[in-house]
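*Asks:* Below is one structure. I have some questions about it.
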Amino acid sequence: MKKIFLILSISITALMLSSCIIVGTTEDPEIVIEKKPTTTATSTSTTTITTTVEKYSITCKNQTSYMVTDWCVKKDNIVTYANSGYNRSIRSGGEDMILDLPEGYYKVYFTFEDCYQLQPEDYYSSESVYLNKDITYCLYERQVAVACRSANNSESVIPQFYLEGSDGSEIILNVVSE
C-alpha cells in the first residue's frame, strides 16, 4: 500500500509540474532604442557632447483695420510652418504665434481674402528675414497715393502693408506673384 501511495504521489506531482502554462502576450515586445550622448574621456576630465537645436517663435500682432484670414511662415522658401492645417485668422487688434521654429531664413505670409480656396497670389509676403531669436512683428497699414493713368490723371489711395519688428526692423509686404 505504501508503494502504491508513493507511486501515485510521484505521478500526481509529475503531472502537476509538467502542465505549467506560460502566460504572455501574443504580440512582439516593443523594442526601444535610446541614443546616449557621446562621452569622451581624457586623462584629467570627462566631456559629454550633446547637441540641441534652438527653437524660436514668431508672434504677429494685427494693428490694421482688416482681419487677417490666414498667415504662415516659410523656411528657405520650402517648408511651411503654421499653427494648424487650417487657416489661422487674426482679428484686428489681435495676435497669434507660431512656435518651435529652427534657426534660419523665413518669409512671413498674410492674406486678407475670405474665400474657400486661397491661391498664392492672394497672399502678401515679406522679404527673407533671419530668425535666431524670438521676435514679434506688428502688421500695420499706411495709405499710399497712386497716380492712375487715365484720361483725367486722377490719384487713388490704396493701403500698403508692412511689418514692424521688435528688433526695430521695418519690412514692406508685397503681393506674391507666382
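The values are calculated or read from the model by the stated rules, or taken from the named source; none is laboratory data. This is a predicted model, so every value here is computed, not measured. Methodologically, a virtual Cβ is constructed for each residue, glycine included, from the backbone with ideal geometry; neighbour enumeration extends over all protein chains shown. These accessible areas exclude ligands, DNA and RNA; they are computed on the full protein's heavy atoms, side chains included. Shrake-Rupley method; radii C 1.70, N 1.55, O 1.52, S 1.80 Å.
*Asks:* Regarding segment 75-139, what's the average projected area of the Cα-atom convex hull, expressed in nm²?
*Replies:* The directionally averaged projection comes out at 4.9 nm².
*Asks:* Next question. Of the heavy-atom accessible surface of segment 55-175 (probe 1.4 angstrom), what whole percent is carbon and sulfur?
*Replies:* The computed percentage sits at 45.
*Asks:* Say R0 is 22 Å: what FRET efficiency, to the nearest 0.05, do S128 and I158 get from their beta-carbon distance? Please list the in-between numbers first.
*Replies:* Values: r = 25 Å, r/R0 = 1.13.
Step by step, r from the Cβ atoms, then E = 0.35.
*Asks:* I want the local charge near F161. Using Cβ-Cβ distances under 9 Å, sum +1 for each Lys or Arg and -1 for each Asp or Glu among the other residues.
*Replies:* Its environment carries a net charge of 0.
*Asks:* What's the magnitude of the charge dipole for segment 70-175 around its Cα centre, counting Lys and Arg as +1 and Asp and Glu as -1 at the beta-carbon? Answer in Debye, nearest 20.
*Replies:* Numbers: 8 positive and 17 negative charges, 32 e Å.
I would put it at about 160 debye.
*Asks:* For segment 55-175, just list the percent of Cα-Cα distances falling in each 10 Å bin from zero outward, please.
*Replies:* With a bin width of 10 Å, the distribution comes to 13, 44, 30, 10, 3, 0.
*Asks:* Would you mind checking which residues have amide H under 5 Å from Y81's amide H? H placed 1.01 Å from N; only 5 or more apart, or other chain.
*Replies:* Correct list: V73, K74, K75.
*Asks:* Write down the accessible area per residue of segment 55-175 in Å², having rolled a 1.4 Å probe over the full set of protein chains.
*Replies:* With all protein chains present, segment 55-175 gives 59 Å² per residue.
*Asks:* Take every Cα pair under 8 Å in segment 55-175 that's 6+ residues apart, average their separations, divide by the length, and report that relative contact order as a whole percent.
*Replies:* 26
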